[in-house]
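Trainee: I'd like to ask you about the structure that follows.
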Amino acid sequence: AGAGARFAARTGVAVETAARAAVSASPSAPAARRANYGAEATPWTLNLRPQRGRKPKLAAAGAVVLAALRGRLRRSGADGDSPHERGAAAIVWHRADLRVDDNPVLVDAVKAVHSGECTSVLPVYVIDPRQFRETCWGSLKTGPFRARFLLQSLADLKSQLRRLGSELLVLIGPAEERLAEVSEHVGAKVVFTEQQVADEERRADKRVTTVLEPLDVDLRSVWGGTLYHIDDLPFSRGPGDMPNIFTPFKKELEQSCDVRPPLDAPKHGALPLPQAAAELKCDFVPTWEDLPFPQPVDEPEQVAYTAFTIEGGETAALARLNHYVWETNLVARYFDIRNGMLGTKYSTKLSASLAHGCISPRRIQQEIAKYEQTRTKNKSTYWVIFELMWRDFYRFFGMKHGNDIFKVGGVSGQRARLSQDPDALQRWKNGTTGWPLVDANMRELQRTGFMSNRGRQNVASYFCIDLGLDWRAGADHFESLLVDYDVTSNWGSWVAAAGLTGGRINRFNITKQSKDYDKSGEYVRTWIPELKGLLGGKCHEPWALDPTTLENAGADGYPSRLFASDGGGGISMPRNGRRDKSRDKKPKKTGRALRRRG
């Protein structure tokens, strides 16, 4: 504590600044401290002297701060030679940018070396246990399908970086602690990372910044991950005054913006490793057993008839792009087949690769532009770019509205009375609602981590409008299970499905959708074995069949239809959009405050 006081007096950096970040990062901090939307951090003051009954994790947080302070003192010459004397290093903190092609973060790190600002670069990925915990809805924040895809992506990124003469250091633990430790070890001057837009990710940035500041390490965010660069948006205040509706947003971009060309991957040797990296465990490749789930989780098995077969990683993503565009010409048929639900051909299946940053949307756009110049340009080739623009729309929409996309009243802030029927929620999750199209899609999600775009629209409409359930529970379930989960696309789509963006509300007729997009019933029968005996379109309306027919077909065990409950306490929203806290109930089984994404 005395060393901390002397450090503060000499540098002007308050001890409490670093202490607050370490404490707020600790799982022992109060849930309410982490759960309030947009709430400012409580001004914690950390007593660094041992106290009776002090929680070990809080004490550990204090130790992190002291370690950071000691590192700062060493760098200032108080404790011998500093790592800076061996040359300043840059760290690339990979997050949702697990690729080397068209990666602005890596390119900026290379520029730092060329300019002489840094002499070396160490790519790092941190597996943070907070991303694997349970949410307040009882879901795993990162479920097994996305976890498996992540492991595959990390292994491939390590391989890609090794080809460039570099390496990927994978660490497990709180990001701010691990980045502070490795920054001190290699003598880092700057940490490059992709700019984040959502609340949890930005809070992570703040925690990292606070711990790095005493080490004289700068956290530098670089924009990436979208088709259109944020600086090129044709709106005077960027995302702040973009339209809330997709169509005018798209028109503005198409009329006023160009997509920047993708960046080449760094050349071999452009990312020289720090000398101190030889002392780190850079050969570590995480396996399933290394993932920090709170309880043991089984690694998922591949289902033979899944529509999603792509592994994680840049290699697989680029191969899929080449297959879909050049080898099969499927891109020229995309508009006509995009509403399919069975098989691997009906869509690009690049959504998970985009979500993890294994491929960039600009690379996809460039390949399609080449295809249009040399083979075919039609509505289908345009429609793939159209889908990428939807992804951009939700990214910038999330920036504009901040935490409103996670609140019960959504962007519009309108009052809502939502059912809190746990039985209905569970039946929806399990795919036992008695509505075959809904159940087939939910079972596919449960078994594979994937669902078609058509399926997502139907199950969300049924959940929000027909059942009237709290839409955040549906978004949370998708976050947990979807292999292609993307924060703004997922939560933006769900708040829109709930009719809380000020735009139109799309209510889907489930039976009509079944007959339009699964005419033969093959999709339903694939995922609902109880209905295999109902041939043709009969499987879409089992309630219309007599009991004898159902029994003879082996379908008599399929559940009856689930309709909205007449009860359920709901959440009342006053006109100003603020919560009526007297009715904003928490899920009883966890007792944690509701928040965005748990």
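The values are calculated or read from the model by the stated rules, or taken from the named source; none is laboratory data. Model, not experiment: these values are computed from the prediction. Virtual Cβ from ideal backbone geometry, glycine too; neighbours counted across all protein chains shown. Calculation scope for accessible area: heavy atoms of the full protein, side chains included, ligands and nucleic acids excluded. Shrake-Rupley method; radii C 1.70, N 1.55, O 1.52, S 1.80 Å.
Trainee: Kindly evaluate residue 349 against the criterion of being farther than 27 Å from residue 503 by Cβ and touching a helix residue (DSSP H, G or I) at 6+ places or on another chain (Cβ under 8 Å).
Mentor: Judged against the criteria, residue 349 is a match.
Trainee: For segment 448-463, which residues satisfy the criterion of being aromatic (Phe, Trp, Tyr) and either modelled with pLDDT under 95 or within 21 Å of residue 146 (Cβ to Cβ) (or both)?
Mentor: Within segment 448-463, 450, 463 meet the criteria.
Trainee: Considering only segment 149-236, give the strands (runs of 3 or more DSSP E) lying wholly within it that have at least 1 residues that are touching a residue at least 40 places away in the same chain (Cβ under 8 Å), touching a Leu at 6+ places or on another chain (Cβ under 7 Å) and open to solvent by less than 10 Å² (accessible area, probe 1.4 Å). Explain how you work it out, then say what you get.
Mentor: Working: elements: 169-172, 188-194, 218-222.
Answer list for segment 149-236: 169-172, 188-194.
Trainee: Output the residues belonging to segment 255-311 that are in contact (Cβ under 8 Å) with a residue 60 or more places away in the chain, among the charged types (D, E, K, R) and not in a loop (DSSP other than H, G, I, E, B).
Mentor: 279, 290
Trainee: Here's another thing I want to ask about it. With respect to residue 101, is the statement that it is in contact with a Leu (Cβ under 8 Å, 6 or more places away or on another chain) and of a type in the set (Asp, Glu) true?
Mentor: In short, yes.
Trainee: Pick out the one residue from 439, 486, 466 that is among the acidic types (Asp, Glu) and over 25 Å from residue 136 (Cβ atoms). Spell out how you get there, then give the answer.
Mentor: Numbers: 486 fails: over 25 Å from residue 136 (Cβ atoms); 466 fails: over 25 Å from residue 136 (Cβ atoms).
Unique residue meeting the criteria: 439.
Trainee: Hey, among 389, 341, which residue is in contact with an Asp or Glu (Cβ under 7 Å, 6 or more places away or on another chain) and hydrophobic (A, V, I, L, M, F, W, C)?
Mentor: Working: 389 fails: in contact with an Asp or Glu (Cβ under 7 Å, 6 or more places away or on another chain).
When all the criteria are applied, what remains is 341.
Trainee: Could you list all residues from segment 513-561 that are in contact with a Lys or Arg (Cβ under 9 Å, 6 or more places away or on another chain), open to solvent by 20 Å² or more (accessible area, probe 1.4 Å) and aliphatic (A, V, I, L, M)?
Mentor: 535, 544, 545, 553
Trainee: Sticking with this structure for a sec: Pick out, from segment 337-437, the helices (runs of 4 or more DSSP H) lying fully within it that include 1 or more residues that are of a type in the set (S, T, N, Q) and open to solvent by 20 Å² or more (accessible area, probe 1.4 Å). Before the answer, list the steps.
Mentor: Working: elements: 351-355, 361-374, 379-401, 422-430.
In segment 337-437, the matching helices (runs of 4 or more DSSP H) lie at 351-355, 361-374, 422-430.
Trainee: Counting only residues that are out of contact with any helix residue (DSSP H, G or I) (no Cβ under 8 Å at 6 or more places or on another chain) and surrounded by fewer than 20 Cβ atoms within 10 Å (Cβ to Cβ), which one in segment 255-278 is farthest from residue 384 (Cα to Cα)?
Mentor: If we take residues in segment 255-278 being out of contact with any helix residue (DSSP H, G or I) (no Cβ under 8 Å at 6 or more places or on another chain) and surrounded by fewer than 20 Cβ atoms within 10 Å (Cβ to Cβ), then 278 is farthest from residue 384 (Cα to Cα).
Trainee: Just a yes or no: is a residue in segment 222-231 farther than 22 Å from residue 112 by Cα and of a type in the set (Phe, Trp, Tyr)?
Mentor: So far as segment 222-231 goes, yes, one or more of its residues are farther than 22 Å from residue 112 by Cα and of a type in the set (Phe, Trp, Tyr).
Trainee: While we're on this one: Only one residue in 332, 319, 352 is among the small types (Gly, Ala, Ser), farther than 24 Å from residue 99 by Cα and modelled with pLDDT of 95 or more. Which one? Full working, then the answer.
Mentor: Details: 319 fails: farther than 24 Å from residue 99 by Cα; 352 fails: farther than 24 Å from residue 99 by Cα.
Of the residues listed, the single one that is among the small types (Gly, Ala, Ser), farther than 24 Å from residue 99 by Cα and modelled with pLDDT of 95 or more is 332.
Trainee: Could I ask something else about it? Which residues, taken from segment 398-423, are in contact with a Phe, Trp or Tyr (Cβ under 7 Å, 6 or more places away or on another chain) and over 13 Å from residue 494 (Cβ atoms)?
Mentor: Residue satisfying the conditions is 403 alone.
Trainee: Go through segment 92-115 and report how many residues are in contact (Cβ under 8 Å) with a residue 40 or more places away in the chain, basic (Lys, Arg) and open to solvent by 10 Å² or more (accessible area, probe 1.4 Å).
Mentor: 1
Trainee: Mind counting the residues in segment 460-500 that are open to solvent by 20 Å² or more (accessible area, probe 1.4 Å) and of a type in the set (S, T, N, Q)?
Mentor: Going through segment 460-500 one residue at a time, the tally reaches 2.
Trainee: Give the residues of segment 237-248 that are under 14 Å from residue 411 (Cβ atoms) and in a helix (DSSP H, G or I), sorted by residue number.
Mentor: 239, 240, 246
Trainee: For segment 221-236, enumerate the residues that are of a type outside the set (Val, Ile, Thr) and within 19 Å of residue 198 (Cβ to Cβ).
Mentor: Hits for segment 221-236 are 221, 223, 224, 225, 227, 228, 229, 233.
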